[in-house]
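The values are calculated or read from the model by the stated rules, or taken from the named source; none is laboratory data. Just so it is clear, the structure is predicted and the values come from calculations on it, not from any experiment. FYI the Cβ positions are ideal-geometry reconstructions off the backbone, even for glycines, and counts take in every protein chain you see. Keep in mind that these areas ignore ligands, DNA and RNA; they rest on the heavy atoms of the full protein, side chains included. Shrake-Rupley method; radii C 1.70, N 1.55, O 1.52, S 1.80 Å.
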Amino acid sequence: MILIAFGSNLYSEKYGEPEDNCIKGIEILKNYFFLKKISKLYTTEPIPKSDQSWFVNGVVEISTTKKPNDILNQLHKIEKNFGRLRKKKNEPRIIDLDLLCYHKVVFNKHTITLPHPRLHIRRFVLQPICDINPSWIHPIFKLKAKTLLKKTSNQKIFLKKS
């Protein structure tokens, strides 16, 4: 499985509210990858906790022949087209697209770490993964997504109502 997380907590002049940014982000991803499954959308508190607005988050499963660095480069181009500026870690953002995993590949390079190094401790990532496949197994910890999810029960997450 190849999984991409998406999220937003800022209004954008181009697309509107964070939920609209996420929906448009999904539409744009379809131009570059085959989207196999899309999770539900969730409203989630910022991690680490701060006074910034809550996020809208989700995950998509894609199919592609592109290599991880090519996928990551494409995600960064999409973010830039949305107007995202990367200044500091954990800042508010119009759109955030993260490559979570690339099949069972495990590696850590200067440009990319797979699987995503904080995937296993983030409820806002694990809950949407469970929507797609609760039996997905983390390639390092060898635990199912639903098992990892139970360990994040202290993080607030709410199903986004349409």
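With all protein chains kept in place, the per residue accessible area of the chain amounts to 55 square angstrom at a probe of 1.4 angstrom. Just to be sure I understand: with springs between alpha-carbon atoms less than 10 Å apart, which residue in 51, 98, 131 has the highest mean-square fluctuation in the Gaussian network model of the chain? Judging by the Gaussian network model, the answer is 51. Distances between placed amide hydrogens fall under 5 Å for residue 37 paired with 61, all partners being 5 or more residues away or on another chain. Its Cα centre serving as origin, the chain has a Cβ charge dipole (Lys and Arg +1, Asp and Glu -1) of approximately 580 debye.
The alpha carbons of region 1-103 give a radius of gyration and a Dmax of 13.0, 40 Å, in that order.
Projected over every direction and averaged, the convex hull enclosing the alpha-carbon atoms of region 76-162 yields 7.1 nm². Comparing 21, 81, 133 in a Gaussian network model of the chain, where Cα atoms under 10 Å apart are tied by springs, the biggest mean-square fluctuation is seen for 81. Taking the 1.4 Å solvent-accessible surface of the chain as the whole, the part contributed by carbon and sulfur is 52%. Averaging over all projection directions, the Cα-based convex hull of region 43-119 occupies 5.8 nm² in the image plane.
Among 18, 128, 117, the largest mean-square fluctuation in a Gaussian network model of the chain, built with springs joining Cα atoms closer than 10 Å, belongs to 117.
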